[in-house]
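Novice: There's a structure below that I have some questions on.
The values are calculated or read from the model by the stated rules, or taken from the named source; none is laboratory data. In this text the structure is predicted, and so the values were computed from the model without any measurement. Positions of Cβ are backbone-derived with ideal geometry, glycine not excepted, and every protein chain shown enters the neighbour counts. Just the protein is used for accessible areas: all its heavy atoms, side chains included, with ligands, DNA and RNA removed. Shrake-Rupley method; radii C 1.70, N 1.55, O 1.52, S 1.80 Å.
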Amino acid sequence: MNILHFLNTFFSDGANWHGQNGIPHRLLEHLQYSAIALAIAAAIGLPIGLFSGHTGRGGYALSAFATGARALPSFGLLVLMTVWLGELGTTPAMIPLVALAVAPILVTTHEAIRSVDPAPVDAARGMGMTSLSVLFQVEVPVALPLILGGLRSAAIQVVSTATIAAYISLGGFGRYIIDGLASHTYADVVGGAVLVAGLALATIGLFWAIGRLVVSPGVRRGC
Amino acid sequence: MNSQRKNTWSSPRNVRLAAVVVAAVTAAPLLASCSSSSGSKDPLAAPKAKAGTVVVGSNNFPESILIGDIYGEALKAKGIKVSYKPNIGTRETTYGMLKNGSVTVLPEYNGALLAYLDPKAAPTTADATASAITAKLDPKLTLLNPAPAEDKDSVTVNASTAAKYHLTADSTIADLAKYGGQITFGGSPEFQKRQQGLVGLKSEYGLTPKSYKALDVGGPLTEAALKNDNVQAADIFSTDVTIAQAKMVTLKDPKNLFGFENVVPLVSKTGLPQNGVDALNAVSAKLTTQALLDMNAQVQNDKKDPLAVAKAWLSSAGLG
Amino acid sequence: MAGNPDAHALSSPRAKLARNDLSTPRRGPTLIRIESVTKRYADGTVAVDDLTLDIPDGSITVLVGPSGCGKTTTLRMINRMIEPTGGRILLDGQDIHQQPVNALRRSMGYVIQNAGLFQHRTIVDNIATVPRMLGWDRGRARKRAMELMERVGLDAGLAKRYPYQLSGGQQQRVGVARALAADPPVLLMDEPFSAVDPIVRKGLQAELLRIQAELGKTIVFVTHDIDEAIKLGNMIAVMRTGGHLAQFAPPDELLSAPADAFVEDFLGTDRGIRRLSFFTSAGLDVTTEPVVTTGADAAGHVLPELPFLLVTDADGKPLGWARAEQGEQPDYADLLPHGRPFVLGRESLRDALDCAVLSPTGWAVAVDGTGRVAGVTSQETIATAIREAHAARKTKPAEPGSAAADPANPAAAEDPVNPAEAADPANPAAAEDPVNPADAADAEAPADTAATETPADTPAAPGPDAPGPDTPDGDAGHPVRATR
Amino acid sequence: MSAYFDIPSDLQHSYLGLIALHLQEALLPVLFGLLIALPIALVCARFGWLYPPVLWVTTVLYAIPSLAFFVVLLDYTGDSTTTVEIPLTVYSLVLLVPAIVEGTRAVSPDTVAAATAMGFGSLRRFVQVELPIAVPAIMAGLRLAAVSSISLVSVGAIIGNEGALGNLLHDGQIYHRNPLIVTSVVTTALLAIVVDGLLVGLQVLLTPWQPHGRRAARRARTAAAVEPATEAELRPGQEADAPVLEDAAR
């Protein structure tokens, strides 16, 4: 098979395993871009989503914002930021990645908090919990699986989209794809694609593990 | 409802049916991809151009698009049906499309093409270049007459680097090689693996930069990288209007690594009628480096549309 | 089962209430006073309209009414989950609006439909929530939680479970335990038993009455179920759509004298029968004449009006009815079922009548607290007792309307016979959630339902409660309540 | 304005032409995705054991970056819109299959039982009962697919002018015409928002039984505030319990 042949070519090439263009270095770069983008997006999306979900306010503004954020073309934004900021650092790449990740985090967090069974929340308020206690002791623990789901979905998209950073001369696995396209070495393209997909799947696994660790068995229901 | 129809979907017959549906849906793309990949050695199996229409392609940088427009309009002036496929990508891609017939005419640069076809060739004259290319060229393709216009890849350093290492217009790439361990080199992604690229720079001049930054084909990323000192030296087209603007210094290439870079139409033997060949040769006869520089400036500086610039030049040259 | 019916009867909430009223008037007559309270929403909807209500201390006050009558809104205004737009609510004479809202809420237990448990916390941590908020250390809070689990009849083995592993009935018990955790004087209950099936609900209601008998909380209880209201309430506030108070009265008075057509309609058509629940069977005439021990000589036992003899075993427990003409010996091997007997003195005239109607002979079997036959009685005798009971209160069952204006003895109703259901000899324990799949799957701990969901049979303090002011007095034959 | 809307000749389309091309490249795949997703979802809904493996396959497909997908397909389908449309079809499919399956699964068991009792066959019940009730969930999936598809088309510019409005990005760079880049980004975003809005409108038309808009939402809130605990508001929790308990029993 064609693809398998390419994969073999790519992964058995010793040059792809060390140095600046080696897989370990590109992996670190890719992880770095993804993690920073996700962290910024979470720092924006989680507090707003928690607050709006808890108060039930701003739902419309939020969904409008999310629609807008989703509508922004990542690649276009990348190019636009490159020409506007006139530099080649990570900033132009971070903006589209953050814009991409904020929407799912924000909306899922909001919806997750909103969808918490109102009965325990009512009970918690009725027994005199402060608003913050209600949020962090009742709503968040119950909404955690959904919130993690939003983060996971954002993380997958970021990992997958971070490939386009290579278009503006950054590193990461996208390097193999862009360079492979330019020099017509398909082994590199296929290898890069498989690495990115693998990383995305590893991300799913990571979030599954986090879920096992932090979600109460009472919420997981032993499944 | 009679009882026989009650469990339509769980009867064994329908389990099979379901399995078939799923199998078919998932297998179809796989089958499709297998058949097309095993069928042809060359994967670029795009549909052939419509008979009678000349497809003018171009690579993904403005000058190539501009020359493509010139070729196309010149052919149209001879009453030939033309369709454009501009801005395709790199030579690695466009050459394949010429071979499989999805592109008929492509503006090329003879030295670069040769370096692609035969990285080891080192011709010293334009004619030797042409014959070397012809020897390696796909039998379905041919080169028409080269134009006097030249546009080379060049190793260009930015103003601060030039000052730092005392590089002037008289310096050579070898002079930069001494400082290779201190510079980051920029260029297109494909430059890294080309003979007319890092490979040749190392073998001919011993230049091994500290690191390489993959940018674009002598485009805005490269220019910006040079200006911001993200890279200290870069591959940039010798006809690029920003070299002069930003007081960059282009280093001499005494070993002709970037060889003879005359603009030349690369065409499919069967796709272009004789009057088309004549028309393109007429264009090449009049296309000078100065004309190219002027037109590039109109596109880049005056923001004129390349097609309009091409038409204007053709009519001024009496070809349009 | 039914080992000590008298003790149970006397530990009924009303008994407890009465004792409190007479001996320890802790806070005066009214703990919560709702004064001209109105709740109007921004869109103009009026949920509660100028409601004034005095909720007596240490008893169960039920707010009942159809959907949209503002009963829940009223309840939620008491712990300031909803702020009124007019009027004020006093707790112990203090305007609750002047008090810090969370401190106020922590001083009131709050139980809602579906319990509202925190699914991410174990049962013991759920119950310990308020104590922990009040700053108790973990050990003390857990210890308290374990005590409460026992009090509400939950097996200690459930402590480390999560809510989803419990049946609906068990969850609701946890909800009650959680509300009681910090020992608040006030308990607000918002349709707590509406979401469980009728059998479980019955068990939970009995359990609530038992706990209330022990703790004597001030309970405000919202329900849309008038039967539940009558069963549980010392006082019942019937509300109508638009947030108006239709009537505020003890259940007996409500049944006998509905204030208007709305209340009458809301009560349903058989309120006369239901009211019989409030008449004790204590003074009912029973005869032991047609009762014989199996195998004994029946000569002279057969009554002219009853061609049957009730046959008991050697211990006096009923075995069944034997057909017998006067002067003949019955066939002890061929007995008709005796049907459900009623416990004389503990159950109401309604139960006695029900037994009689269901009996194959038309005669009801009365037993004592140990299940030994106390006698049999005919439908006619019961009817006489009913007439007398009504007469004692100067009311007539056929014309409840005429009694509506009987304000002479409002306090009487505060002291009714304990509800029949509390002493239901049909085993409510085993019946709790028999259909719940969670329990069914709970093979590891088969004991927890059976052992822990026995509500009525484990009165905690039978002995000391026995002598009380509502002990049936010398005026036997008349309902207890009529004596005050 | 001309700096923004003078489209370079090498794109061979007017501004409006690019928009039309963009919509075609973005939305045809969504349509195909839907057409392929329906039978897959139907089969998954009927045979629950198929759903997890299908979900895994779709997740893996979704993890492939669009750029790599384009480039790999370039090998087979050449420099054509098909190269862009196939990955977008796959992505739409991946979003729509779970949307449809989850949507139909969320249909109340009572409704399904009622339909079955009325004599609906399995297929007919899926098409006439479960699918319509699942429309909001499906539309949510469609909206996501459409919006992300519109955004991803732009990446096609990298494989050689197949990115419709995205091609403006590359041209804006090579011709030093930043306004073209702005045009590309803004137009693409607006297209996504408009298409999203149209899909919302379509959903309103398709689901006349659902309350829509702010007024309906406020009405629902007020009703809930008046009698919060007596309404069915608390039911979701109960419903969520049901399958779990069922599992426990099994």
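Novice: Within region A:170-223, take every residue that is outside any helix (DSSP H, G or I) and more than 14 Å from chain B (Cβ to nearest Cβ) and give me the one that is most open to solvent (accessible area, probe 1.4 Å).
Specialist: The selected residue is A:CYS223.
Novice: Consider region D:8-23. How many of its residues are outside any helix (DSSP H, G or I) and within 9 Å of chain B (Cβ to nearest Cβ)?
Specialist: Count: 2.
Novice: Considering every residue within region A:16-36, establish whether at least one is farther than 23 Å from A:THR161 by Cα, among the aliphatic types (A, V, I, L, M) and under 23 Å from the mean Cα position of the chain (by Cα).
Specialist: No: zero hits.
Novice: Hey, could you check region A:128-138 for residues that are surrounded by fewer than 24 Cβ atoms within 10 Å (Cβ to Cβ) and of a type outside the set (Phe, Trp, Tyr) and say which is farthest from the other protein chains (Cβ to nearest Cβ)?
Specialist: Within region A:128-138, the match that is farthest from the other protein chains (Cβ to nearest Cβ) is A:LEU135.
Novice: If A:LEU27 meets every condition in (1) open to solvent by 40 Å² or more (accessible area, probe 1.4 Å); (2) over 12 Å from A:TYR176 (Cα atoms); (3) part of a helix (DSSP H, G or I) apart from one, which number is that one?
Specialist: For A:LEU27, the failing item is (2).
Novice: Answer yes if at least one residue in region D:24-33 is within 11 Å of chain B (Cβ to nearest Cβ), open to solvent by less than 10 Å² (accessible area, probe 1.4 Å), of a type in the set (A, V, I, L, M) and in contact with a helix residue (DSSP H, G or I) (Cβ under 9 Å, 6 or more places away or on another chain), and no otherwise.
Specialist: no
Novice: What do you reckon, is C:ARG138 surrounded by fewer than 24 Cβ atoms within 10 Å (Cβ to Cβ) and in the same structural domain as C:ALA206 (by TED's automatic domain parsing)?
Specialist: Criteria met by C:ARG138.
Novice: Could you pull out every one of the helices (runs of 4 or more DSSP H) wholly within region B:1-107 that has 2 or more residues that are modelled with pLDDT of 80 or more and over 20 Å from B:LYS269 (Cα atoms)?
Specialist: In region B:1-107, the matching helices (runs of 4 or more DSSP H) lie at B:62-77.
Novice: Give me a count of the residues in region D:29-61 that are in contact (Cβ under 8 Å) with a residue 60 or more places away in the chain and under 23 Å from D:SER154 (Cβ atoms).
Specialist: 5
Novice: While we're looking at this one, here's another question. Taking region B:232-241 as the search range and keeping residues that are assigned to a loop (DSSP other than H, G, I, E, B) and more than 13 Å from chain D (Cβ to nearest Cβ), which one is surrounded by the fewest Cβ atoms within 10 Å (Cβ to Cβ)?
Specialist: Checking each candidate, the answer is B:SER238.
Novice: Here is a further query. Do we find that A:PRO145 is within 13 Å of chain C (Cβ to nearest Cβ), open to solvent by 40 Å² or more (accessible area, probe 1.4 Å), assigned to a helix (DSSP H, G or I) and in contact (Cβ under 8 Å) with a residue 60 or more places away in the chain in this structure?
Specialist: yes
Let's see how each residue does on (1) closer than 17 Å to B:THR250 by Cβ; (2) open to solvent by 60 Å² or more (accessible area, probe 1.4 Å); (3) over 22 Å from the mean Cα position of the chain (by Cα); (4) acidic (Asp, Glu):
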| residue | (1), (2), (3), (4) |
| --- | --- |
| B:ALA174 | yes, no, yes, no |
| B:LYS178 | no, yes, yes, no |
| B:GLY187 | yes, no, no, no |
| B:PHE191 | yes, no, no, no |
| B:GLN196 | yes, no, no, no |
| B:GLY206 | no, no, yes, no |
| B:ALA224 | no, no, no, no |
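Novice: Can you spot a residue in region C:90-108 that is within 21 Å of the chain's Cα centre (by Cα), of a type outside the set (A, V, I, L, M) and open to solvent by 50 Å² or more (accessible area, probe 1.4 Å)?
Specialist: No, region C:90-108 contains no residue that is within 21 Å of the chain's Cα centre (by Cα), of a type outside the set (A, V, I, L, M) and open to solvent by 50 Å² or more (accessible area, probe 1.4 Å).
Novice: Further question: Quick test for you: out of A:ALA69, A:ALA43, pick the one residue that is open to solvent by 60 Å² or more (accessible area, probe 1.4 Å) and of a type in the set (A, V, I, L, M, F, W, C).
Specialist: A:ALA43
Novice: Here is a follow-up. For region C:133-177, what are the residues that are part of a helix (DSSP H, G or I), within 10 Å of another protein chain (Cβ to nearest Cβ) and in contact with a Lys or Arg (Cβ under 9 Å, 6 or more places away or on another chain)?
Specialist: If the condition is that a residue be part of a helix (DSSP H, G or I), within 10 Å of another protein chain (Cβ to nearest Cβ) and in contact with a Lys or Arg (Cβ under 9 Å, 6 or more places away or on another chain), then C:MET133, C:PRO163, C:TYR164, C:GLN165 are the ones that fit.
Novice: Quick one: D:VAL84 ticks every box in (1) modelled with pLDDT under 90; (2) buried (at least 20 other Cβ atoms within 10 Å of the Cβ) bar one, so which box is it?
Specialist: Tallying (1) modelled with pLDDT under 90; (2) buried (at least 20 other Cβ atoms within 10 Å of the Cβ), D:VAL84 fails exactly one: (1).
Novice: In region C:307-321, what count of residues is obtained for those that are free of Cβ contacts under 8 Å to residues at least 24 places away in the same chain and under 11 Å from C:VAL291 (Cα atoms)?
Specialist: Matching residues across region C:307-321 total 3.
Novice: Could we say that D:PHE69 is in the same structural domain as D:VAL147 (by TED's automatic domain parsing), at pLDDT 85 or above and more than 22 Å from the chain's Cα centre (by Cα) here?
Specialist: Criteria not met by D:PHE69.
Novice: Right, next: Suppose the filter is within 11 Å of chain A (Cβ to nearest Cβ), under 24 Å from the mean Cα position of the chain (by Cα) and closer than 20 Å to C:GLN113 by Cα; does C:ALA195 pass it?
Specialist: The answer is yes for C:ALA195.
Novice: Just one of C:GLY116, C:GLY109 is within 14 Å of chain A (Cβ to nearest Cβ), in a strand (DSSP E or B), of a type in the set (Gly, Ala, Ser) and within 30 Å of C:SER167 (Cβ to Cβ); which is it?
Specialist: C:GLY109
Novice: Based on what the data block shows, is C:GLY243 at positive phi and not acidic (Asp, Glu)?
Specialist: yes
Novice: Just for region D:157-180: of the residues that are closer than 13 Å to D:LEU11 by Cα and facing chain A (nearest Cβ under 9 Å), which one is farthest from the chain's Cα centre (by Cα)?
Specialist: Filtering first and then ranking leaves D:GLY172.
Novice: Moving to a separate point now. Answer yes or no as to whether B:LYS255 is more than 20 Å from the chain's Cα centre (by Cα) and farther than 30 Å from B:LYS210 by Cα.
Specialist: no
Novice: Any idea how many residues of region A:150-169 are open to solvent by less than 20 Å² (accessible area, probe 1.4 Å), in contact with a Pro (Cβ under 7 Å, 6 or more places away or on another chain) and within 11 Å of chain D (Cβ to nearest Cβ)?
Specialist: 3
Novice: Scan (1) closer than 29 Å to B:ASN228 by Cβ; (2) over 15 Å from the mean Cα position of the chain (by Cα); (3) buried (at least 24 other Cβ atoms within 10 Å of the Cβ); (4) of a type in the set (Gly, Ala, Ser) for the single condition A:GLY49 breaks and write down its number.
Specialist: (1)
Novice: Kindly provide the set of residues from region C:369-391 that are part of a helix (DSSP H, G or I), under 20 Å from C:HIS301 (Cβ atoms) and hydroxyl-bearing (Ser, Thr, Tyr), ordered by number.
Specialist: Across region C:369-391, the qualifying residue is only C:THR381.
Novice: With more than 25 Å from D:SER148 (Cα to Cα), within 14 Å of another protein chain (Cβ to nearest Cβ) and of a type in the set (A, V, I, L, M, F, W, C) as the only criterion, which of A:VAL121, A:VAL83 stands out?
Specialist: Just a single option satisfies the conditions, and that option is A:VAL121.
Novice: Test B:ALA244 against the stated conditions and say whether it is within 14 Å of chain D (Cβ to nearest Cβ), surrounded by fewer than 18 Cβ atoms within 10 Å (Cβ to Cβ) and assigned to a helix (DSSP H, G or I).
Specialist: no
Novice: Then there's this: State whether the residues of region C:240-261 include one that is of a type in the set (Asp, Glu), over 24 Å from C:SER36 (Cβ atoms) and without any contact (Cβ under 8 Å) to a residue 24 or more places away in the chain.
Specialist: no
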